[in-house]
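Read through the structure below, which is laid out as structure tokens, and then see the notes.
The values are calculated or read from the model by the stated rules, or taken from the named source; none is laboratory data. Values in this document were obtained by computation on a predicted structure and should not be read as measured data. Virtual Cβ from ideal backbone geometry, glycine too; neighbours counted across all protein chains shown.
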Amino acid sequence: MAGTSDKELVRQGGFPGGLNTRASDTEGPLNENGQPTSLREAVNVSLSRTGAPMRRPGQTQRVPGRAHSLFASAHRLFAVVDGELRSYLQGPDGSLTMDAVLATPGDRFCTFASDDFSVWWSNGVTGGRIDEDLAAHPFWIDTPDPVVLAVGSGALAAGRYEVSVTALDAAGRESGASGAVGVDVPTGGSLAVTMPAAPLGAVRWRLYVTPPNGDVLYQQAELPVSATTASVGNLTPTAKLETQWLHPLVPVQCLRYGHSRLFGLAGNVLVWSEPYRLGLMAPDNHVVLGSEATLLEPVGDGAEGAGVWVADHKRTYFMSGADPENWQQQARYPHAAVPGTSCTVPGSYFGLETSGVVAFWMARNGIPCIGLPGGQLLPLREDALALPVDAERGATGLMLFEGIHQLLTSTFGASANLAAASDSADATVKRRDHRPT
């Protein structure tokens, strides 16, 4: 079959209107010359800021194997490859060199967050923390079992005493407190304490004791983890116990950092850590959403308008405020989000006046959305886009191409959008050089 000659091709000046899947080929917006200003479909094509089409670059396989769950930190790329969570260093030519295997999470999707010091990850079943030197740790040091108490000789006043211990890791992170154990001590008695087994990663113990007949635990001593017993013959209390009732953050399928906390989605429950104790949470640090949690993005960190964008199976909400105890839940959009498609990027990338980060995600009605600090939600080009709907899951990546920042979103398990125009025409972009024309 004969091909199309150059003489038969129509030169198109550009498509400043971008993509328009709602208008038919014969009824789309036109410029003063009667030429279309929007594209119905673009395969392997990008548009410049002026709408000029340019060929999207090809792809090069950098790592062999089955890969998913990519996360880029300031210095490294993390990815799950063949069931292993790996760290890669990028060379000046774009090559990737694996420098560590950190865990074996299997084929489950992993989620990541970074607080500029550590990278935190979870796959809904397990999780951990990765230090800057690539040392892998649990989310937080485990809570010790209770101590065993007996009465000895000493100089304590008569009364009932309670004892609890915590464990500290090498970085000084303090675990949740063991369950308090009480004993009645006569005048002139002492507390003979037998330590529990040390949690993994523990290097020191902190021993907490109440005053006689008191109910507040105060630090009494700090001991090496090798200590198996301790004796308290008189009280010299210092700091109050701050990690009582706290426990390590539960595994989650979506993990984010913001407002000095870790936030996560565990099933249909939104959970969060204590501030500055990112791997520890209190039993009541949670909010139950609808039957499915589909979005989680904190915004406005350290500024007015702080809050968290969340969505369940029906709607999208803004949880206004940096402190969950003072949250005000505000319904903002009557559609859920496609899980996995959210990220945060500078607002200037969208032409917004704010230099702070904003949330981006793909809604299940096929509309890209921006969530601003303060709770304003901006659906993008609802009048022009009718993308596939009800996607099961997706992913979004930020790329820089020809000086243009692009958000690339892919989804799977979606259905056709009935609002999209059904007729189409083929067009060929002939490459003259690598720059837009």
Unmet criterion (only one of (1) touching a residue at least 12 places away in the same chain (Cβ under 8 Å); (2) acidic (Asp, Glu); (3) surrounded by fewer than 23 Cβ atoms within 10 Å (Cβ to Cβ)) for residue 284: (1)
Residue in the range 34-51 that is modelled with pLDDT of 70 or more and under 29 Å from the mean Cα position of the chain (by Cα) present: yes
Options 56, 62, 76; residue that is touching a residue at least 60 places away in the same chain (Cβ under 8 Å), in contact with a Phe, Trp or Tyr (Cβ under 9 Å, 6 or more places away or on another chain), of a type outside the set (Ser, Thr, Tyr) and closer than 20 Å to residue 396 by Cα: 56
Close pairs from the range 380-402: first basic (Lys, Arg), partner exposed (fewer than 14 other Cβ atoms within 10 Å of the Cβ) and assigned to a loop (DSSP other than H, G, I, E, B), Cβ under 7 Å, at least 6 apart: 393/413
Within the range 294-351, tally of residues that are in contact (Cβ under 8 Å) with a residue 24 or more places away in the chain, touching a Lys or Arg at 6+ places or on another chain (Cβ under 7 Å), more than 17 Å from residue 252 (Cβ to Cβ) and of a type in the set (A, V, I, L, M, F, W, C): 3
Test: residue in the range 99-122 that is of a type outside the set (A, V, I, L, M, F, W, C), under 18 Å from the mean Cα position of the chain (by Cα) and surrounded by fewer than 15 Cβ atoms within 10 Å (Cβ to Cβ): yes
Top-ranked residue in the range 390-421 [being over 26 Å from residue 336 (Cβ atoms) and either among the small types (Gly, Ala, Ser) or part of a loop (DSSP other than H, G, I, E, B) (or both); ranked as modelled with the highest pLDDT]: 403
Cross-chain or 6+ apart pairs with Cβ under 6 Å, the range 112-129 first and among the charged types (D, E, K, R), then at pLDDT 95 or above and not in a loop (DSSP other than H, G, I, E, B): 115/257; 129/120
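State all residues of the range 52-102 that are among the polar types (S, T, N, Q) and modelled with pLDDT under 85; if no residue qualifies, say none. If you could, list the steps in order and put the result at the bottom.
Taking the range 52-102 and keeping what is among the polar types (S, T, N, Q), we get 59-61, 69, 73, 87, 90, 95, 97.
Passing the criteria: 59, 60, 73.
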Any hit, the range 307-317, residues being within 21 Å of residue 273 (Cβ to Cβ), out of contact with any Ser or Thr (no Cβ under 8 Å at 6 or more places or on another chain) and at pLDDT 95 or above: yes
Restricting the range 361-379 to residues that are part of a strand (DSSP E or B) and touching an Asp or Glu at 6+ places or on another chain (Cβ under 8 Å), the residue that is nearest to residue 113 (Cα to Cα): 361
Residue, farthest from residue 217 (Cα to Cα), within the range 157-199, restricted to residues that are touching a residue at least 60 places away in the same chain (Cβ under 8 Å) and of a type in the set (D, E, K, R): 173
